[in-house]
Amino acid sequence: MILSVKHSFFLAIISWFVSVIPMSLQAQNVTTSFEDGYMKCYEKAFADNGEAICGFLQKSEQFLIDRNVLRDTTGTSYVYFLNNSRSYIDTPYAKFGFINFMMGQLQSKNFSLDTFKACSNELKATNGYEKSKLFQVEETLKQIKTIKDVQKVTVQVATMLTEAEVSHPYYRLRIINFLESHGRRSTEKISKKPTLSKEALQNALKIHIKAQDEILVNTTSVSFGELLQKTKTYLEKNTSKSIITIKAEAAISKQFSTALQLEIKKILQSLRDQLSQKKYNSSFEKLSSAQQQEIKKTYPETIIFNQ
């Protein structure tokens with residue numbers, strides 16, 4: 001019977017599937033009664049007490065770590081991402097496969113939708129639910145339907161949750177689910193071709209990817225390792241005036257270009273961290289928004305494609 005249900009049914013109920021984690025993984029020393037209540041609902045609804053969804057969350061977070069979207073799974077890392085989500089708009093969040101995963105759980109009868117609905121509806125009827133932080137976060141995430149810009153929504157969520165709260169499995173999985181559906185929406189996409197003077201472009205670090213085994217930096221052939229070293233040296237020398245242009249031939253895969261871009265971002269992040277420690281005795285992620293903006297003035301991310 002489940003196999004005959006149309007895909008639209010799963011899309012309609014996917015909002016129910018936002019926080020399936022065994023109780024043993026709940027955040028500690030944080031007042032999250034409603035979040036924990038949802039965990040209990042999932043314990044009742046999942047035949048395996050949520051082990052499968054726990055594995056899904058870990059796999060999804062590793063996906064983000066591998067692509068330098070998250071540094072780790074701490075609340076600090078998540079808050080930094082929420083405040084800067086537009087910078088990662090090219091990340092292929094659809095690869096999470098959350099919808100397909102939940103379809104599989106229903107088809108294998110490892111998850112009882114009726115059990116979950118009954119439990120969660122009872123929780124929502126509890127006094128104080130509409131004043132809870134969980135309810136406020138969910139209402140904020142719904143704004144993506146009208147705002148249509150992921151960062152404008154995620155920044156609001158970041159102001160609502162402490163680092164300890166956002167590390168709760170409910171919110172970690174909720175963010176994963178939200179990203180898969182809306183993570184690439186932006187009405188203010190990062191410009192790949194900002195208007196710059198001719199003189200500024202002449203002083204840029206020019207990277208030309210002719211083939212996956214042939215990369216030129218300012219017309220000089222280099223290895224991938226040499227490219228990264230030259231990039232770091234250039235950024236250290238030019239700081240706020242740094243401009244990197246990347247030209248890739250049509251035959252170059254998007255995956256390769258994206259991998260190169262992420263490596264450059266890692267170098268930039270490392271330099272920002274070094275300056276943050278020197279100036280504020282703290283990592284870049286833990287700085288206030290104002291302090292981060294000051295660091296970004298020294299090490300901006302000015303990368304221009306296909307010039």
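The values are calculated or read from the model by the stated rules, or taken from the named source; none is laboratory data. This structure is a prediction, so every number in the text was calculated from the model and none was measured. Positions of Cβ are generated from backbone atoms using ideal geometry, with glycine treated the same way; all protein chains shown enter the neighbour counts. Just the protein is used for accessible areas: all its heavy atoms, side chains included, with ligands, DNA and RNA removed. Shrake-Rupley method; radii C 1.70, N 1.55, O 1.52, S 1.80 Å.
Report yes if residue 146 is assigned to a helix (DSSP H, G or I), open to solvent by 80 Å² or more (accessible area, probe 1.4 Å), farther than 19 Å from residue 171 by Cβ and β-branched (Val, Ile, Thr), otherwise no.
Judged against the criteria, residue 146 is a match.
Assuming residue 137 fulfils every condition listed in (1) over 17 Å from residue 173 (Cα atoms); (2) within 28 Å of the chain's Cα centre (by Cα); (3) open to solvent by less than 80 Å² (accessible area, probe 1.4 Å) apart from one, which condition is it?
(1)
List every residue pair whose Cβ atoms lie under 8 Å apart, where the two residues are 6 or more positions apart in sequence or sit on different chains, the first residue falls within the stretch 208-230 and is more than 15 Å from residue 258 (Cα to Cα), and the second residue, located anywhere, is small (Gly, Ala, Ser) and part of a strand (DSSP E or B).
Every condition considered, the pairs that remain are 214/221.
Which residue pairs have Cβ atoms under 6 Å apart, sit 6 or more places apart or on different chains, and have a first residue in the stretch 60-83 that is free of Cβ contacts under 8 Å to residues at least 40 places away in the same chain and a second that is surrounded by 17 or more Cβ atoms within 10 Å (Cβ to Cβ) and of a type in the set (S, T, N, Q)?
Final answer for the pair search is 69/91; 70/77.
Can you tell me which residues in the stretch 98-132 are free of Cβ contacts under 8 Å to residues at least 12 places away in the same chain and over 17 Å from residue 35 (Cα atoms)?
Residues satisfying the conditions are 100, 104, 108, 114.
Would you pick out the residues in the stretch 238-258 that are open to solvent by less than 50 Å² (accessible area, probe 1.4 Å) and either without any contact (Cβ under 8 Å) to a residue 12 or more places away in the chain or assigned to a loop (DSSP other than H, G, I, E, B) (or both)?
Applying the first criterion (open to solvent by less than 50 Å² (accessible area, probe 1.4 Å)) to the stretch 238-258 yields 238-239, 242-246, 248, 252-253, 256-258.
If the condition is that a residue be open to solvent by less than 50 Å² (accessible area, probe 1.4 Å) and either without any contact (Cβ under 8 Å) to a residue 12 or more places away in the chain or assigned to a loop (DSSP other than H, G, I, E, B) (or both), then 242, 243, 252, 253 are the ones that fit.
Mind listing whichever residues of the stretch 282-303 are open to solvent by less than 40 Å² (accessible area, probe 1.4 Å) and touching a helix residue (DSSP H, G or I) at 6+ places or on another chain (Cβ under 8 Å)?
282, 283, 284, 285, 287, 292, 295, 299, 300, 303
Of these, 267, 215, 295, 209, which one is modelled with pLDDT under 90 and touching a Lys or Arg at 6+ places or on another chain (Cβ under 9 Å)?
One residue alone meets the criteria, 209.
Take residue 122 and decide whether it is surrounded by 15 or more Cβ atoms within 10 Å (Cβ to Cβ) and in contact with a helix residue (DSSP H, G or I) (Cβ under 9 Å, 6 or more places away or on another chain).
Against the criterion (surrounded by 15 or more Cβ atoms within 10 Å (Cβ to Cβ) and in contact with a helix residue (DSSP H, G or I) (Cβ under 9 Å, 6 or more places away or on another chain)), residue 122 does not qualify.
Quick check: anything in the stretch 271-281 touching a helix residue (DSSP H, G or I) at 6+ places or on another chain (Cβ under 8 Å) and at pLDDT below 90?
Checked against the condition, which is being touching a helix residue (DSSP H, G or I) at 6+ places or on another chain (Cβ under 8 Å) and at pLDDT below 90, the stretch 271-281 yields no hits at all.
Please specify each residue of the stretch 157-180 satisfying the condition of being over 15 Å from the mean Cα position of the chain (by Cα) and of a type in the set (S, T, N, Q).
159, 162, listed by residue number.
So which residues in the stretch 149-172 are of a type in the set (Gly, Ala, Ser) and open to solvent by less than 30 Å² (accessible area, probe 1.4 Å), if there are any at all?
Correct list: 158 only.
In the stretch 64-80, how many are of a type outside the set (Gly, Ala, Ser) and in a helix (DSSP H, G or I)?
7
Counting just the residues of the stretch 68-116 that are small (Gly, Ala, Ser) and crowded, with 17+ Cβ neighbours inside 10 Å, which one comes out modelled with the lowest pLDDT? Break it down stepwise before answering.
Step one: of the stretch 68-116, the residues small (Gly, Ala, Ser) are 75, 77, 85, 87, 94, 97, 104, 108, 112.
If we keep only those that are crowded, with 17+ Cβ neighbours inside 10 Å as well, we get 75, 77, 85.
Details: 75: 91, 77: 92, 85: 86.
It comes out as 85.
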